[in-house]
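Asker: Dumping the structure here so I can ask a few things about it.
None of the figures in this text is laboratory data; all of them are computed from the coordinates on show. Just so you know, these numbers come straight off a predicted model, no measurement behind them. Here Cβ is always computed from backbone atoms with ideal geometry, including for glycine, and neighbour counts include all displayed protein chains.
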Amino acid sequence: MLELYTDRLRLRTVVASDWDNFLYTHSNEQLNEFVRKPQAESVIREKFERVLENRDLSEGEWLLTIIEDAHTQDFIGFIGLQNSDAEMGQMQVGYMIHPKAHGQGFASESLQAIIDWACLAYKPHKFFAYCIEQNIASIKVLEKCGFVREGLLRENCKIGEQWFNDCLYGLLAAQRC
């Protein structure tokens, strides 16, 4: 079981009792504004079951962790890491923070923690993230953590019936580790 700590946070492997928080974050309209239209509970349940089964970073797989307050164990959100291309040493990052925890630096703190851990455990060459152009808060998190905008993918993401541009952000591990 993965368990990482910062001064304020604990990042840990998802367990079965995390279902309510997983369902909430994947079905909440506000949280999914820049991700997807909320899906049916049965679809979300299938995703959750895959998360519970996937405990390693095999190529193409996501390792999802819970972000919680290190002292109170209150739920803050999720952060994930995907081993996108093992040969090229590329890992994708993604996160979702509960609305009550927005604006408190938790996304940046957890992103720095998981990147530091991945650098030690897997020695990747590069991290990357996709972020919809309108998601200013997420862009600020990425830039605060050293990510650089490397490109714009026009109409790369469809949410509902609307197409959005994705910004592609990258961070070379050598610049972080």
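Asker: Consider the stretch 7-32. How many of its residues are surrounded by 14 or more Cβ atoms within 10 Å (Cβ to Cβ) and either β-branched (Val, Ile, Thr) or in a loop (DSSP other than H, G, I, E, B) (or both)?
Answerer: Number of matching residues: 7.
Asker: Go through the stretch 90-108 and report how many residues are touching a helix residue (DSSP H, G or I) at 6+ places or on another chain (Cβ under 9 Å) and surrounded by fewer than 16 Cβ atoms within 10 Å (Cβ to Cβ).
Answerer: 3
Asker: Here are some residues: Leu57, Leu142, Leu111, Leu63. Which one is part of a strand (DSSP E or B) and crowded, with 16+ Cβ neighbours inside 10 Å?
Answerer: Leu63
Asker: What single numbered condition from (1) out of contact with any Leu (no Cβ under 7 Å at 6 or more places or on another chain); (2) surrounded by 15 or more Cβ atoms within 10 Å (Cβ to Cβ); (3) of a type outside the set (Val, Ile, Thr); (4) assigned to a helix (DSSP H, G or I) fails to hold for Gln82?
Answerer: Here Gln82 meets the rest and fails (4).
Asker: How many residues are without any contact (Cβ under 8 Å) to a residue 24 or more places away in the chain and either of a type in the set (D, E, K, R) or more than 16 Å from Gln39 (Cβ to Cβ) (or both) if we restrict to the stretch 2-28?
Answerer: Of the residues in that region, 3 qualify.
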